[in-house]
1. Can you compute the modelled spin-label distance between residue 303 and residue 272, with each label point 7 Å from Cα toward Cβ, in nm?
2. Using 0.36 nm times the number of residues separating residue 105 and residue 353, minus their current alpha carbon distance, what extension gain do you get?
3. Dividing the alpha-carbon Rg of region 27-427 by 2.2 N^0.38 Å yields what?
4. Compute the FRET efficiency between residue 232 and residue 119 as 1/(1 + (r/R0)^6), taking r as their Cβ-Cβ distance and R0 = 22 Å, and round to the nearest 0.05.
5. Once you have a ≥ b ≥ c as the square roots of the Cα gyration tensor eigenvalues for region 164-248, tell me rounded if a/c is under 1.5, and otherwise prolate or oblate according to whether a/b is larger than b/c.
6. So, in nm, how far is label residue 264 from label residue 140 when the simple model puts each one 7 Å beyond its Cα toward the Cβ?
7. Sorted by mean Cβ packing within 10 Å, highest first, what order do the peptides 227-234, 154-161 take?
8. Going 7 Å from the Cα of residue 287 toward and past its Cβ, which residues in region 361-391 have a backbone nitrogen under 17 Å from where you end up?
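Only the coordinates and a few stated rules stand behind these numbers; no lab work does. This structure is a prediction, so every number in the text was calculated from the model and none was measured. Here the Cβ positions follow ideal geometry from the backbone for every residue, glycine too, while neighbour counts run over all protein chains shown.
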């Protein structure tokens with residue numbers, strides 16, 4: 001028995017670099033450990049919620065089966081994440097472009113299946129009209145999830161020593177890196193994941209030192225192009241976006257009385273049937289959140305847990321289920337965990353002098369915070385329903401693995417910091433923006449997480 005325990009200790013030490021017996025460096029106030037503790041709470045809440053809810057398309061209670069699958073992917077995510085930390089983001093960065101190209105190539109088959117209108121014998125299953133998944137033996141793979149971390153890697157690697165993005169035309173390459181996966185993801189379609197790439201891009205460009213006036217011009221162009229994009233997207237996608245406005249009884253009444261004036265938002269029939277059709281998920285999600293009260297109905301209790309009135313409650317709307325079971329207190333605990341991760345990630349980014357590590361950390365923080373804002377926002381009717389998972393909580397193997405890899409990059413940046421003989425990263429001369437000489441010693445030092 002003693003040898004077995006020693007063996008487990010050895011394996012854990014190899015994967016994480018932490019000796020569980022002599023880990024004097026443990027402190028929940030340190031950013032790496034704070035992140036791990038927050039992730040542990042989120043995983044526990046997520047698996048507990050998945051366990052008591054069955055999927056709306058199931059004829060039986062499949063919650064325990066899904067919870068077991070989630071635990072398997074959680075263990076796999078821990079192993080993959082620990083391996084990434086052990087290898088280090090510095091070594092992984094050398095293959096950033098290769099990883100990004102492979103991730104983009106994986107998007108092509110589902111996009112072609114969508115354009116062809118075929119599942120090719122079930123290889124590309126259809127769910128809610130979208131073909132985002134590749135059916136593999138025993139599980140489904142969602143390539144768009146892995147593109148998120150591959151995109152951050154590639155963009156951080158491109159921006160690390162450049163200054164051309166300090167000029168307006170220098171945005172061409174970063175936006176091209178963003179545009180290729182964005183178009184492929186929209187074809188599937190996966191509007192939620194596509195929307196994630198834009199704020200991540202802006203956050204990383206801002207951290208890299210891009211001029212605010214240039215970012216403002218790009219944002220203004222996007223706003224001006226919105227009307228054109230609005231008529232190009234599918235009608236059901238427009239309804240999902242306009243759902244935030246259609247919650248208003250007065251607006252729906254106006255549409256019913258003056259359909260021609262508001263035809264760009266919805267038709268008269270759509271306004272009449274909104275609560276029972278396109279607004280069904282939003283109505284029941286808000287009811288689930290509101291009915292939870294302060295402390296909720298308790299684990300596994302409540303109408304929205306015991307009955308399948310809320311579709312996708314185990315993934316996209318799991319936040320509503322959490323608020324229904326554990327009330328405002330439970331919802332605030334979950335949000336507090338994400339605040340811990342964001343603050344710890346920002347601290348890690350500010351503490352490193354490595355430009356690549358700083359951009360990588362900021363990209364991960366922007367990715368996680370945007371996902372949380374969109375997912376929680378759409379559960380309470382403040383954001384459009386776009387199909388966005390809640391990191392470490394929503395059901396889904398691809399999403400969980402991606403979240404673990406993203407978090408492992410944060411911890412790796414905290415632990416492995418190369419020596420740099422230079423100005424501080426992304427500091428520029430106001431007059432001529434001369435390129436700073438950055439000499440990477442290429443040899444990392446180890447810091448406790």
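1. 2.6
2. Working: separation 248, 0.36 × 248 = 89.28 nm, distance 3.30 nm.
Full extension from residue 105 to residue 353 adds 86.0 nm.
3. 1.00
4. On the way: r = 25 Å, r/R0 = 1.14.
About 0.30, to the nearest 0.05.
5. Numbers: a/c = 2.33, a/b = 1.78, b/c = 1.31.
Because a/c hits 1.5 or more and a/b exceeds b/c, region 164-248 counts as prolate.
6. Using points 7 Å along Cα→Cβ, the separation is 3.6 nm.
7. Working: 227-234: 10.5, 154-161: 22.1.
The densest-packed peptide leads the list: 154-161, 227-234.
8. 379-381
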